[in-house]
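Starting off with a structure, shown below.
The values are calculated or read from the model by the stated rules, or taken from the named source; none is laboratory data. On a predicted model such as this, the values are computed, not experimentally measured, just so you know. Because the Cβ atoms are built from the backbone with ideal geometry, glycine has one as well, and the counts that use them run over all protein chains shown.
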Amino acid sequence: MANAAELKRITRPLLARDPRLVLVKRTIVVQPVGHFLHGFAFRVTRSGSVDPVVTLFEPLYVPRRPLSSGSMPEFYLLVDRHRYGHLFPPSDLPRFWRAEDPGVEQVLIEELGGDRLDSLLRIDTPDRFLVWADHLGTSRKFVLFSHALAGRLSRAIGMAECEIADWGRRRDVDPGYKATIIRHLRRLVRIFESGQTRTNRLLRTFEEINARRAGVEGWWRWSPVVE
């Protein structure tokens, strides 16, 4: 089974070709890190196969992103289940490899460098992220905070108020938990209503927390989209 040392060994040539890339835990991260965490998260199966199917463009400005065991936050936006289960045709899917396979280092360079990395890095603004979010029907929370980062506070407020109404109608959750969620959403509305400066301060805090939890705080840089 591939261990941390073997993963470092097989990814070393890929990292050497591009100084922006660094291995953190089981994830290749593109630095510097801004509003999005770009990279490739590796899975290692019990049989020893190395599987880099998880492609990340994680929005760090969304609060409370879960961290997966032994890896970074995993975000499956490149998975297109409406078509053939993936953004790429089946023939273009990343292969399963074993760390001891001959030439696996070169295969990683060919599979994860070049066009695939460039296409990943194009998702670098909230508006470009929203194209994917709309196409794949991702969580409304990601959409709400993306509009806030982009300066569309009235739209973010409207979405938060819809969330408050939806939670208010729910009867399938604990009343105390529901009250907590609604209280947090109302506080969020007040922050958005106070303007972009305070909103940016909140989003920056979320990014800083998520970057620290992911172990990339040394490469994280904050830059407001709208002042």
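Within the stretch 80-135, how many residues turn out to be aliphatic (A, V, I, L, M), more than 28 Å from E6 (Cα to Cα), part of a loop (DSSP other than H, G, I, E, B) and at pLDDT below 80?
Step one: list which residues in the stretch 80-135 are aliphatic (A, V, I, L, M), which gives 87, 93, 99, 104, 107-109, 112, 117, 120-121, 123, 130-131, 133.
Checking the rest, the ones that are also more than 28 Å from E6 (Cα to Cα) come to 87, 123, 130-131, 133.
Filter again for part of a loop (DSSP other than H, G, I, E, B), leaving 87, 123.
Now drop any that are not at pLDDT below 80, which leaves 87.
Within the stretch 80-135, residues that are aliphatic (A, V, I, L, M), more than 28 Å from E6 (Cα to Cα), part of a loop (DSSP other than H, G, I, E, B) and at pLDDT below 80 number 1.
Same structure, new question: Go through the stretch 136-162 and report how many residues are hydrophobic (A, V, I, L, M, F, W, C) and in a loop (DSSP other than H, G, I, E, B).
Count: 1.
If you check S223 against the conditions, is it hydroxyl-bearing (S, T, Y) and within 21 Å of the chain's Cα centre (by Cα)? Steps first, answer last, please.
Values: hydroxyl-bearing (S, T, Y): yes; within 21 Å of the chain's Cα centre (by Cα): yes.
Answer is yes for this residue.
Would you call V173 surrounded by fewer than 13 Cβ atoms within 10 Å (Cβ to Cβ), not assigned by TED's automatic domain parsing to the domain that holds E58 and not in a helix (DSSP H, G or I)?
Answer is yes for this residue.
Is the stretch 126-147 home to any residue that is surrounded by 13 or more Cβ atoms within 10 Å (Cβ to Cβ), assigned by TED's automatic domain parsing to the domain that holds R204 and either more than 24 Å from P59 (Cβ to Cβ) or in contact with a Ser or Thr (Cβ under 8 Å, 6 or more places away or on another chain) (or both)?
no
Which residue out of V216, V189 is part of a helix (DSSP H, G or I) and either surrounded by 14 or more Cβ atoms within 10 Å (Cβ to Cβ) or of a type in the set (S, T, N, Q) (or both)?
Sole residue among the options that is part of a helix (DSSP H, G or I) and either surrounded by 14 or more Cβ atoms within 10 Å (Cβ to Cβ) or of a type in the set (S, T, N, Q) (or both): V189.
A follow-up question, please. Right, R170: under 17 Å from E58 (Cβ atoms) and at pLDDT below 95 or not? Give the steps one after another, and end with the answer.
Numbers: under 17 Å from E58 (Cβ atoms): no; at pLDDT below 95: yes.
Here the answer is no, as R170 does not meet what is asked.
Within the stretch 5-25, which residues are under 13 Å from F40 (Cβ atoms) and in a loop (DSSP other than H, G, I, E, B)?
Scanning the stretch 5-25 gives D18, R20, K25.
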